[in-house]
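**Student:** Quick one: the structure is below, and I'll ask about it shortly.
The values are calculated or read from the model by the stated rules, or taken from the named source; none is laboratory data. Nothing here was measured: the structure is a model prediction, and the numbers come from that model. Heads up, the Cβs are rebuilt from the backbone with ideal geometry, glycines too, and the neighbour counts pull from every protein chain shown.
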Amino acid sequence: MRFVKALGIYAAADFLCLFIGFTLAVSPGIVLATVSTVCTVGIMLVMLISFAAKAAKEEMRGERLSGEKCFVRAFAAYSAGASLIPAVSWTSLMASAGGRFDFYRWHKVLNGAFLRIFNVIEPSASSADVSAGEAALMLPFVFVPAVTVLVTGALARRESLSEGKK
């Protein structure tokens, strides 16, 4: 269930990012492109941080009630769920290299928060135009959702533990 919750939050954030990104895409100017990127990445980060902070509170409460230590396992599931779509998307992009099938446009859509960044890396919509170097530049973005969830969970846990000692 944890995995599915995180997957749903990422999908909702991606949908909202696409809405904002496509709304602000009418202007090709660098200023609006920068604003769009900051907004979409910010939306994704804020939604994931909010989700992870709430999940951390729930997991800490569950640990106190049950006595079972499952926080690390729970946040591994949350972070895997948050990065599943980007990971599968990037893997599919790599599989489409060489023109086997055209996936790059879907990769951009499935990673709506980074759409403008990916357009800077490779403006084309065709997988045949994506070089290995460009694909390598896109790889770190796969880990952004997982790292966001893990760091937020760790910070929320530390904060909760420090409050308990006061």
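**Student:** Report yes if some residue within segment 123-144 is modelled with pLDDT of 95 or more, among the small types (Gly, Ala, Ser), assigned to a helix (DSSP H, G or I) and surrounded by 21 or more Cβ atoms within 10 Å (Cβ to Cβ); otherwise report no.
**Tutor:** no
**Student:** Take Trp90 and decide whether it is surrounded by fewer than 17 Cβ atoms within 10 Å (Cβ to Cβ) and touching a residue at least 12 places away in the same chain (Cβ under 8 Å). Show your work before the answer.
**Tutor:** Values: surrounded by fewer than 17 Cβ atoms within 10 Å (Cβ to Cβ): no; touching a residue at least 12 places away in the same chain (Cβ under 8 Å): yes.
Judged against the criteria, Trp90 is not a match.
**Student:** Continuing with this model, one more query. For the structure I just gave you, tell me whether Ala55 is surrounded by fewer than 20 Cβ atoms within 10 Å (Cβ to Cβ) and either in contact (Cβ under 8 Å) with a residue 12 or more places away in the chain or closer than 15 Å to Arg116 by Cβ (or both).
**Tutor:** Judged against the criteria, Ala55 is not a match.
**Student:** Quickly run through segment 17-32 and pick out the residues that are buried (at least 16 other Cβ atoms within 10 Å of the Cβ) and modelled with pLDDT of 85 or more.
**Tutor:** Answer for segment 17-32, where residues must be buried (at least 16 other Cβ atoms within 10 Å of the Cβ) and modelled with pLDDT of 85 or more: Cys17, Leu18, Ile20, Gly21.
**Student:** For segment 10-33, what are the residues that are among the hydroxyl-bearing types (Ser, Thr, Tyr), over 23 Å from Val147 (Cα atoms) and assigned to a helix (DSSP H, G or I)?
**Tutor:** Thr23
**Student:** Any idea which of Val72, Val35 is out of contact with any Cys (no Cβ under 9 Å at 6 or more places or on another chain) and either of a type in the set (Lys, Arg) or within 25 Å of Tyr104 (Cα to Cα) (or both)?
**Tutor:** Only one candidate qualifies: Val35.
**Student:** Residue check: is Ser92 under 26 Å from Ala33 (Cβ atoms), out of contact with any helix residue (DSSP H, G or I) (no Cβ under 6 Å at 6 or more places or on another chain) and not in a helix (DSSP H, G or I)?
**Tutor:** no
**Student:** Same structure, new question: Identify the single condition in (1) more than 27 Å from Glu163 (Cβ to Cβ); (2) surrounded by 18 or more Cβ atoms within 10 Å (Cβ to Cβ); (3) at pLDDT below 95 that Val38 does not satisfy, given that it satisfies every other one.
**Tutor:** Val38 satisfies every listed condition except (2).
**Student:** Would you confirm, using the coordinates I've provided, whether Arg105 is farther than 29 Å from Gly133 by Cα and either at pLDDT 85 or above or over 18 Å from the mean Cα position of the chain (by Cα) (or both)?
**Tutor:** In short, no.
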